[in-house]
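The values are calculated or read from the model by the stated rules, or taken from the named source; none is laboratory data. Quantities reported herein were computed from a predicted structural model and do not represent experimental measurements. So basically every Cβ, Gly included, is an ideal-geometry build from the backbone, and we count neighbours across all protein chains shown.
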Amino acid sequence: MVARYPLLATDVPGPASAALHARRTKAVSAAVGTGLPVYIEEASGALLRDVDGNELIDFASGIAVTSVGNGAPRVVSGVREQVERFTHTCFMVTAYEPYVEVCERLNELTPGRHDKRSALFNSGAEAVENAVKIARYATGRDTVVAFDHAYHGRTNLTMALTAKSMPYKSGFGPFAGEIHRVPMAYPYRWPTGPQGCAEEAFEGFVAQVRAQVGEQNTAAVILEPIQGEGGFIVPAAGFVARVARWCRENGIVFIADEIQTGFCRTGDWFACEHEGVVPDLITTGKAIAGGLPLAAVTGRAELMDAVHTGGLGGTYGGNPVACAAALGAIETMRVEHLATRAAELGEILRSRLVALAEKYDAIGDVRGRGLMQAVELVSDRDAKTPDAATTAAVNQACHRAGLLTLTCGTYGNVVRFLPPLVITEELLDRGISIFESALGEVAGT
């Protein structure tokens, strides 16, 4: 019965969504964007039903949030039970067990067997901010090193860490200081080619930090094991491990931003595990709570406990309902072996995308891990000329056909695939076929 999906009762968006969008225009700031202006009334697993009765295939997961699918039973049950008990007290005022239990799970699951502590927050950006606070406090140093193509959030400090100007930074400065940016080991676009990328990028990284900042002045290096908004860039093999080792040798805190990559998305619980990297601090969010707002910093006990009492926290951080959702989501990932499932379905996704790259010259690169994969579209394969216009057109064609996809990338030329980890193989195959049709419609054969 999967062949009937997506089930389109109207054009996408339909008249009911259009009417709601007219209301939105009068009520919601125009600065808040929406990739596809359909209005969802119900969702289950990897399917979204809008107010017009259209049932769309979800290849976005709310930007890697609903990895266990919408309406996951353990998440729903946990939330319902917690809401009936109490909804909030503020952990800084009176504590409660779900907060402690989530921290225990994070300490167990994140890479490394060392003694760990965790603290809970509301959003990924808030987690990154607090990781930087911890690193600066613990080291007594100021500078934080971030990478080209990085995305770490929309607050003032995290905008400073983020590389891309539009739409994230333009017009919002001045930004927080003592941020230093270095090149990323981006194999597809490395000037001398992918073969020497890891070594050359690492040597350049060390030389630039040493000359322009000084190791003794560097509090932290923050890195996404796979860059998200920057284009699903998988750093050249060995690069992340070299950076982490160099940080350890120089007393610098290595922060892994796993907000988009974490919780089984890449085929392991955390993307760092693909190269055996153990970060000093790891930031998590998005998929942690199955759709409710929650984020965390987990790290070495001596770092996490270095900050004075009261130095970390927030009114809603670790809200009990969100914690209950997180416990349900984590248990779902464990019981349903979603890391293994992401790896298995990721092989299917990759093989299909590689086949499309052999067929369509518009695909310059296929990359990613597990169910976090992408294609970079170009107008000239030899010159690797970014093609943002074709990317936008393909994305729109997918939407019209009932497949919810997302774009990303510094140059706006990457289509990314983030289906829920519980998606069926048949529905995944159907979604890829829709993408192929959209690509053929826009880019030709």
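For this structure, a couple of remarks:
- Sole residue being closer than 23 Å to Val221 by Cβ and surrounded by fewer than 24 Cβ atoms within 10 Å (Cβ to Cβ), chosen from Glu302, Glu258: Glu302
- Members of region 167-192 that are among the small types (Gly, Ala, Ser) and touching a residue at least 24 places away in the same chain (Cβ under 8 Å): Ala185
- For Val378, the criteria (1) among the aliphatic types (A, V, I, L, M); (2) over 29 Å from Leu7 (Cα atoms); (3) under 21 Å from the mean Cα position of the chain (by Cα) hold in every case but one, which is (3).
- Counted residues, region 25-54 - those being in contact (Cβ under 8 Å) with a residue 12 or more places away in the chain, among the charged types (D, E, K, R) and farther than 19 Å from Gly431 by Cα: 1
- Qualifying residues in region 14-62 (those that are surrounded by 20 or more Cβ atoms within 10 Å (Cβ to Cβ) and among the β-branched types (Val, Ile, Thr)) - the one nearest to the chain's Cα centre (by Cα): Ile57
- Condition check for Thr162: modelled with pLDDT of 95 or more, among the β-branched types (Val, Ile, Thr) and closer than 30 Å to His88 by Cβ: no
- Residue match in region 92-115 (condition: of a type in the set (D, E, K, R), surrounded by fewer than 20 Cβ atoms within 10 Å (Cβ to Cβ), free of Cβ contacts under 8 Å to residues at least 12 places away in the same chain and over 22 Å from Gly262 (Cα atoms)): yes
- The set of residues in region 38-58 being among the hydrophobic types (A, V, I, L, M, F, W, C), out of contact with any Gly (no Cβ under 8 Å at 6 or more places or on another chain) and farther than 15 Å from Tyr5 by Cβ consists of Ile40 alone.
- Qualifying position, being under 30 Å from Asp268 (Cα atoms), in contact (Cβ under 8 Å) with a residue 40 or more places away in the chain and not assigned by TED's automatic domain parsing to the domain that holds Asp268, among Thr66, Thr10: Thr66
- Meets criteria (surrounded by fewer than 20 Cβ atoms within 10 Å (Cβ to Cβ), in the same structural domain as Phe239 (by TED's automatic domain parsing) and assigned to a helix (DSSP H, G or I)) for Tyr168: no
- Put simply, of Gln208, Gln260, Gln216 the only residue that is polar (S, T, N, Q) and closer than 30 Å to Asp382 by Cβ is Gln208.
- Tally of residues being assigned to a helix (DSSP H, G or I), under 24 Å from the mean Cα position of the chain (by Cα) and not aliphatic (A, V, I, L, M) across region 420-429: 2
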